[in-house]
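Worksheet: the structure to be examined is printed underneath.
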Amino acid sequence: GEQVEQRPPHLSVREGDSAVITCTYTDPNSYYFFWYKQEPGASLQLLMKVFSSTEINEGQGFTVLLNKKDKRLSLNLTAAHPGDSAAYFCAVRGPNNNAPRFGAGTKLSVKP
Amino acid sequence: DAGVTQTPRHEVAEKGQTIILKCEPVSGHNDLFWYRQTKIQGLELLSYFRSKSLMEDGGAFKDRFKAEMLNSSFSTLKIQPTEPKDSAVYLCASSPRGDSYEQYFGPGTRLTVL
């Protein structure tokens, strides 16, 4: 089955710095990809979703890049601020009506 | 609209007890998922239902974990018997039918097994 590896498990940056979180997956047939944010004491909430081929999606202060050739998904916070401190999880969904598989998560800490 | 509801929010059990966790998905959602969240393992799939039919069962959890969808708006997760290693946060999520849709997560139930 699908295996998702997420790196790094912990990331500490200063306010204004960039931060990059990367996930790699194994099933080349996977086609839906998600990033979730989990703030302390709260549950997971969708940050962004991305589909198909090499794609860049830009949100408020972050960029998601999907490279299907390398089976890699990345989340790039361009200028982190303390409100971004949270755990981030990638999720990958493949064919055959399987449930999404999650990376182990990255705990991001942004210091003022 | 109400989000995913989970009860109880906290549960403390003695080793060997049976516990039942409850979940109400977002109204109209067809897919329902149970995950276990720990710091070491992250999110592990326990069960996945589509329109009340079991689509996928987390292989490592089949012996003591049983999830059911009694109707389209209510699901339970039974752990029997509980063991200390079951201490974790149990998350329920739902989504509309279709693989492209994101999951909506409940607040979770924190289980402590003594």
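Among the residues of the range A:72-102, those that are buried (at least 19 other Cβ atoms within 10 Å of the Cβ), touching a residue at least 24 places away in the same chain (Cβ under 8 Å) and within 18 Å of B:Gly59 (Cα to Cα) comprise A:Arg93, A:Gly94, A:Pro100, A:Arg101, A:Phe102.
Going through the range B:20-47 one residue at a time, which ones are in contact with a Ser or Thr (Cβ under 6 Å, 6 or more places away or on another chain) and part of a strand (DSSP E or B)?
Of all residues in the range B:20-47, those in contact with a Ser or Thr (Cβ under 6 Å, 6 or more places away or on another chain) come to B:20-26, B:29-32, B:34.
Within the range B:20-47, B:Ile20, B:Leu21, B:Lys22, B:Cys23, B:Glu24, B:Asp31, B:Leu32, B:Trp34 meet the criteria.
Kindly indicate whether any position in the range B:76-90 is more than 14 Å from B:Tyr35 (Cβ to Cβ), surrounded by 15 or more Cβ atoms within 10 Å (Cβ to Cβ) and free of Cβ contacts under 8 Å to residues at least 24 places away in the same chain. No, every residue in the range B:76-90 fails to be more than 14 Å from B:Tyr35 (Cβ to Cβ), surrounded by 15 or more Cβ atoms within 10 Å (Cβ to Cβ) and free of Cβ contacts under 8 Å to residues at least 24 places away in the same chain.
Would you pick out the residues in the range B:95-114 that are within 12 Å of chain A (Cβ to nearest Cβ) and in a strand (DSSP E or B)? I'd like the intermediate steps shown before the answer.
As a first pass, look at the range B:95-114 and keep what is within 12 Å of chain A (Cβ to nearest Cβ): B:95, B:97-110.
Matches in the range B:95-114: B:Ser95, B:Tyr104, B:Phe105, B:Thr109, B:Arg110.
Of the residues making up the range A:70-105, those that are more than 10 Å from the chain's Cα centre (by Cα) and among the hydroxyl-bearing types (Ser, Thr, Tyr) are A:Thr78, A:Ser85. Residue-level check: of (1) touching a Gly at 6+ places or on another chain (Cβ under 8 Å); (2) within 23 Å of B:Leu46 (Cα to Cα), A:Phe34 misses just (1).
As an exercise: evaluate B:Lys22 against (1) surrounded by fewer than 17 Cβ atoms within 10 Å (Cβ to Cβ); (2) closer than 18 Å to A:Gly1 by Cβ and give the number of the one condition it does not meet. The single condition B:Lys22 does not satisfy is (2).
Put simply, of A:Gly16, A:Gly61, A:Gly41, A:Gly83 the only residue that is small (Gly, Ala, Ser) and within 14 Å of chain B (Cβ to nearest Cβ) is A:Gly41. If you check B:Glu83, B:Glu68, B:Glu56 for being over 25 Å from A:Pro40 (Cα atoms) and within 14 Å of chain A (Cβ to nearest Cβ), only one passes: B:Glu56.
Using the structure shown, decide if A:Lys68 is touching a Pro at 6+ places or on another chain (Cβ under 8 Å) and of a type outside the set (Val, Ile, Thr).
Working: touching a Pro at 6+ places or on another chain (Cβ under 8 Å): yes; of a type outside the set (Val, Ile, Thr): yes.
Against the criterion (touching a Pro at 6+ places or on another chain (Cβ under 8 Å) and of a type outside the set (Val, Ile, Thr)), A:Lys68 qualifies.
Regarding B:Ala67, is this residue of a type in the set (A, V, I, L, M) and within 10 Å of the chain's Cα centre (by Cα)? Criteria met by B:Ala67.
Residues A:Lys37, A:Lys107, A:Lys111: which one is of a type in the set (D, E, K, R) and over 29 Å from B:Glu56 (Cβ atoms)? Working first, answer last.
On the way: A:Lys37 fails: over 29 Å from B:Glu56 (Cβ atoms); A:Lys107 fails: over 29 Å from B:Glu56 (Cβ atoms).
Exactly one of A:Lys37, A:Lys107, A:Lys111 is of a type in the set (D, E, K, R) and over 29 Å from B:Glu56 (Cβ atoms), namely A:Lys111.
Check every one of the strands (runs of 3 or more DSSP E) wholly within chain A and list those with 2 or more residues that are among the basic types (Lys, Arg).
Details: elements: A:4-7, A:10-14, A:19-25, A:32-38, A:44-51, A:55-58, A:62-67, A:72-77, A:86-93, A:106-111.
Fully inside chain A and qualifying: A:106-111.
Matching residues to (1) surrounded by fewer than 19 Cβ atoms within 10 Å (Cβ to Cβ); (2) facing chain A (nearest Cβ under 10 Å); (3) in contact with an Asp or Glu (Cβ under 7 Å, 6 or more places away or on another chain); (4) at pLDDT 95 or above:
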residue	(1), (2), (3), (4)
B:Ala2	yes, no, no, no
B:Thr7	yes, no, no, yes
B:Ala13	no, no, no, yes
B:Arg36	no, no, yes, yes
B:Glu44	yes, yes, no, no
B:Ala60	yes, no, no, no
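The values are calculated or read from the model by the stated rules, or taken from the named source; none is laboratory data. Just so it is clear, the structure is predicted and the values come from calculations on it, not from any experiment. All Cβ positions, even for glycine, are placed from backbone atoms using ideal geometry, and neighbour counts span all protein chains on display.
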